[in-house]
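Enquirer: Let me begin by handing over the structure; questions about it come next.
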Amino acid sequence: MLSLEDCIALSGLTEDEIVASAQHEHIPEITAAELGNYLSRSPDGRLAIKSMIRDDIHAAEARGERDRVLALKMVLRNYVSEQRRLD
């Protein structure tokens, strides 16, 4: 049986990216890992992941969650950097 950690490792995304996707989509992290695996394999999917993280940033800003905003901005920066490295 695969653990959550196994699924995250297989997804091609980081744990923080999976957590952000799970929160955005209101789904369990294991499901977000599967979604991330699917999305990370296509250019349109990669744009969708960036969009999810941006939406999460805006939502955290609206709630006044400064620490969460900063953390999500780091997640987005790292995701974009990794995608550039892979292209």
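We did not get these values from a lab; they are worked out from the coordinates using the rules stated. Fair warning: this is a prediction, and the values are worked out from it, not measured in the lab. All Cβ positions, glycine included, derive from the backbone under ideal geometry; neighbour counts span all protein chains shown.
Enquirer: Any idea which of Ile57, Ile8 is touching a Leu at 6+ places or on another chain (Cβ under 9 Å), surrounded by 15 or more Cβ atoms within 10 Å (Cβ to Cβ) and part of a helix (DSSP H, G or I)?
Expert: Criteria check complete, one pass: Ile57.
Enquirer: Give the number of residues within the stretch 24-47 that are surrounded by fewer than 18 Cβ atoms within 10 Å (Cβ to Cβ), assigned to a helix (DSSP H, G or I) and free of Cβ contacts under 8 Å to residues at least 24 places away in the same chain.
Expert: 6
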